[in-house]
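Okay, structure first, notes after.
The values are calculated or read from the model by the stated rules, or taken from the named source; none is laboratory data. Keep in mind that what you see is a predicted model, and the values were worked out from it rather than measured. Note that we place each Cβ from the backbone using ideal geometry, even for glycine, and neighbour counts take in every protein chain shown.
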């Protein structure tokens, strides 16, 4: 199956075709703008597939966050097909078809610059985007995990599988496409992505893939820091951060990326560390915010991640958050918000006084209140004091609204 990773000439793979009656994907669950792109390209005679994570999530009965399109139309041809299309990228151009604030990313099928049959070993900072146009088959094999290598064909509504993704979906496995020892050296960030998908989907990481992560985890430090920071915060996005960061710690990746936090967790009981309690409550908060369409601030996420460590070092919030800032070079705005939230604990555990009105009017007060509720629930404390702060904030907002109305009347 993985002939493109050997030096012998690969035989053409015959994909598994799952016909419409045999899978659960319905066009009703596909973004209507993504359907417009698929139908338009197909109507012009091009091959057009829904690709990647969107297909995976639809097969699992989940609502995808993004709907990406793969096609044999080249970028300039996609641009001619859509007036609302913009091309991005230098080495490999991507088409962004815009519908208001929404973007349907449309990429031409690719293959790696090495010919099929050559071993792939790119620079560790990420896969070099000097790829050439390819076919659906080569495009599937260059993806990271089998469950992300599935295609949905808009012409006959079938699912196309070159890489064994359908079997692994049934087995609930995260499996590398190709030899994971090679693929993780090629792009070490894939190890973090394996953890992200395992935690988010509640899948098991397949044995060889698991073994490769344990063997190569220290290679993560050769990846570009902005990519590591971005991928680290993505571990929070799906309300499964407790499991994701547990896995990060168990595989050794936390020791590489956030060594001070890993040392604290080791000293704080390891599997029984208070860190996991705070993350478990954060996960419930994340899911509730997601249902409301609200994005949780990364500063709040970082503060919760380091809450137990900060509690063990009272009055040293800047120092504690500085360890994360120095390790992954997170944005300064994220660092400052996280520090403010950790510092807010001392104030919000006391009943509000008139002199506290200024803090209740702070633009970050809502995040501070939510952070302290997460802390209180993880620790089993009552929230009467926080309710009082919330009432003060609401009262001030109402007073401000009344004052604004009076000015308008005058």
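Residue-wise test of (1) outside the structural domain of residue 31 (by TED's automatic domain parsing); (2) surrounded by fewer than 23 Cβ atoms within 10 Å (Cβ to Cβ); (3) over 17 Å from residue 53 (Cα atoms).
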| position | (1), (2), (3) |
| --- | --- |
| 151 | no, no, no |
| 156 | no, yes, yes |
| 165 | no, no, no |
| 169 | no, yes, no |
| 182 | yes, yes, yes |
| 185 | yes, yes, yes |
| 188 | yes, no, yes |
| 193 | yes, yes, no |
| 203 | yes, yes, no |
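Scanning segment 332-368 for residues that are exposed (fewer than 13 other Cβ atoms within 10 Å of the Cβ) and within 19 Å of residue 229 (Cα to Cα) returns 332, 333. Being closer than 16 Å to residue 374 by Cβ, buried (at least 19 other Cβ atoms within 10 Å of the Cβ) and under 18 Å from the mean Cα position of the chain (by Cα) is a condition met by at least one residue of segment 303-322. Here residue 290 passes the criteria (1) under 23 Å from the mean Cα position of the chain (by Cα); (2) under 21 Å from residue 249 (Cβ atoms); (3) assigned to a helix (DSSP H, G or I) except the one numbered (2).
Table: residues versus (1) closer than 25 Å to residue 77 by Cα; (2) assigned to a loop (DSSP other than H, G, I, E, B); (3) at pLDDT 95 or above.
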residue	(1), (2), (3)
117	no, yes, no
126	no, yes, no
130	yes, yes, no
147	no, no, yes
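For segment 376-400, the set of residues classified as more than 22 Å from residue 354 (Cβ to Cβ) and surrounded by fewer than 12 Cβ atoms within 10 Å (Cβ to Cβ) consists of 380, 382, listed by residue number. For segment 341-363, the candidate set comprises residues that are under 27 Å from the mean Cα position of the chain (by Cα) and free of Cβ contacts under 8 Å to residues at least 40 places away in the same chain; within that set, the residue that is farthest from residue 317 (Cα to Cα) is 363. Quick one: would you say residue 248 is closer than 23 Å to residue 63 by Cα, outside the structural domain of residue 336 (by TED's automatic domain parsing) and either in contact (Cβ under 8 Å) with a residue 24 or more places away in the chain or touching a strand residue (DSSP E or B) at 6+ places or on another chain (Cβ under 9 Å) (or both)? It is false that residue 248 is closer than 23 Å to residue 63 by Cα, outside the structural domain of residue 336 (by TED's automatic domain parsing) and either in contact (Cβ under 8 Å) with a residue 24 or more places away in the chain or touching a strand residue (DSSP E or B) at 6+ places or on another chain (Cβ under 9 Å) (or both).
Scan segment 303-319 for residues that are part of a helix (DSSP H, G or I) and either more than 26 Å from residue 238 (Cβ to Cβ) or without any contact (Cβ under 8 Å) to a residue 60 or more places away in the chain (or both) and the total you get is 7. Among the residues of segment 31-52, those identified as surrounded by fewer than 20 Cβ atoms within 10 Å (Cβ to Cβ) and not in a loop (DSSP other than H, G, I, E, B) are 32, 33, 35, 36, 39, 40, 42, 43.
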